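Notes follow once the structure below has been shown.
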Amino acid sequence: MTNSLFYPLLLSISILYFQSSKAQSGDLLIQQYGKADIENVGLRKWNYDLHIAPNFFNTNNRTTKGKLGISLGGTVRYNFKKSYGLRTGIDIHSLKYAYNSEKDQSEDELIFLSIPLTGRLYPVNRVKIELGFIYNFILSAKGDPPTNTKKVAVSYPDGTFSNSFGMLSAVHYSVWKRFSVSLQYQFQKSETNPLQRETNYFNGILLGIHYTFLSSKKPSN
């Protein structure tokens, strides 16, 4: 099993194991889940939030090491009855990583605009589980490759990096009223020229802080 599938699966299994360790029996949880009207658990049909998330991305290349970056964006969610819903939105991801070899210790910085489409489950109050797809548009790519003769980072030629398709999995926890936090794993990949040093395969972890707005009904505590 590849890492891109292993980590989302491991995260989902861990969440389910944690929930099953609660005092409620499985039958009671299923019964409660089946009757969980969104109004009764403090949710709204339409939800909007703004979020910011420090991220840590790396490539699948063993000669690179990940560095801290930042992501930010906005989300639109639609919740159905029985505690499930859909999410989309727009995110801007600033990814950083460095090459780790004797002849090359330069750093790349990429900026992607991402559009997610995910499904969400609400197994218990405060907790959300998310799994879905994401499409990434490359906005800019700068670095200092060994061939660079300038003293500052330069933009990579068009075609070095490309738009990419990926998947994500996440768990969200409502902290207080309109604020929540999330832990997300994401990977993205696209075809790469095998002769070039750069790759179009990235995976990373994001730790998000979310603020819900444009809603008159507060989530239940």
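What follows is calculated from the coordinates using simple rules that are stated; it is not laboratory data. In this text, all values refer to a predicted model and were calculated from it rather than measured experimentally. Cβ placement follows ideal geometry from the backbone for every residue including glycine, while neighbour counts extend to all protein chains displayed.
In which sequence would Y173, Y201 go, from the one with the fewest C-beta neighbours within 10 Å to the one with the most?
The fewest-first ordering by Cβ neighbours comes to Y173, Y201.
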| Neighbour-count order for E130, E109, E102, E191, fewest beta carbons within 10 angstrom listed first | E102, E191, E109, E130
| request: Quote the FRET efficiency, to the nearest 0.05, computed for I70 versus L195 with a Förster distance R0 of 41 Å and r equal to the Cβ-Cβ distance. | output: 0.80
| Cross-link table K67/K189; K65/K128; K103/K151; K67/K151, entries beyond 27 Å C-alpha to C-alpha | K65/K128
| query | So which trypsin sites (Lys or Arg not before Pro) in the range 105-182 are both in a DSSP loop and have at most 10 other Cβ atoms within 10 Å of their Cβ? | reply | K150, K151
| said: Would you calculate the convex hull of the Cα atoms in the range 102-160 and tell me its volume per residue in Å³? | reply: 150 Å³
